[in-house]
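These notes are about the structure you will find just below.
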Amino acid sequence: MEYTSDHSKTLVVSSEHTILGTHRGTVCVTSGGTLRLEGTLQGTLDIQTGATVLINGQQQGTVAVASHSSVTVFGAIQGTTSLEPGASVIIEPSGKLAGTLVNYGLVIVRGVFGGAQSGNGSVRLEGNGYIKQPTSIKDGVHYYEW
């Protein structure tokens, strides 16, 4: 199923679903659901227990990853990403995670991550994956050049 939306609304994904174009608003992926983000999501991505998300496009906003769910990023996440225990995020070599990471799960970085980190989860660097350092810090704010 393909989906394109250019207005604010909440989308609930309970099976397989693809977002093309731009969706503005909240997307909730429920248990057993699989979301393929090929376009741009500007808003909250709520990934519930047992759900799977593949990001080939751009996620601009908050991402909440529940336990026993996974996100694979070939494109980019720009915003705050939060992982519960048992959740995983894989940043593939072409992928980018830019923003605050609240990690109580597992993040595998094969691409690049840049941003503040908190939580007691694991960040594992694989292949050529790396953590980008800020280009400057002003008044306690970290700035990154992408």
Response to the item:
Over all pairs of different Cα atoms in the chain, the reciprocal of the mean inverse distance gives a Kirkwood radius in Å of 15.1 Å
Worksheet item: Round to a whole number: what % of the accessible area of the chain belongs to carbon and sulfur, probe 1.4 Å?
Response: 48 percent
Discussion item. So, for the chain, what is the accessible surface per residue at a probe of 1.4 Å, expressed in square angstrom?
Written reply: 48 Å²
Worksheet entry | 5 angstrom amide H check on Leu11, placed H, neighbours 5+ away | Thr26, Val27, Cys28
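Report the antiparallel proportion of the DSSP beta bridges in the stretch 22-146 as a percent, rounded to a multiple of 5.
Percentage antiparallel, nearest 5: 5.
The values are calculated or read from the model by the stated rules, or taken from the named source; none is laboratory data. What you see is a predicted model, and the numbers here were worked out from it, not measured in a lab. These area figures cover heavy atoms from the full protein model, side chains too; ligands, DNA and RNA do not enter into them. Shrake-Rupley method; radii C 1.70, N 1.55, O 1.52, S 1.80 Å.
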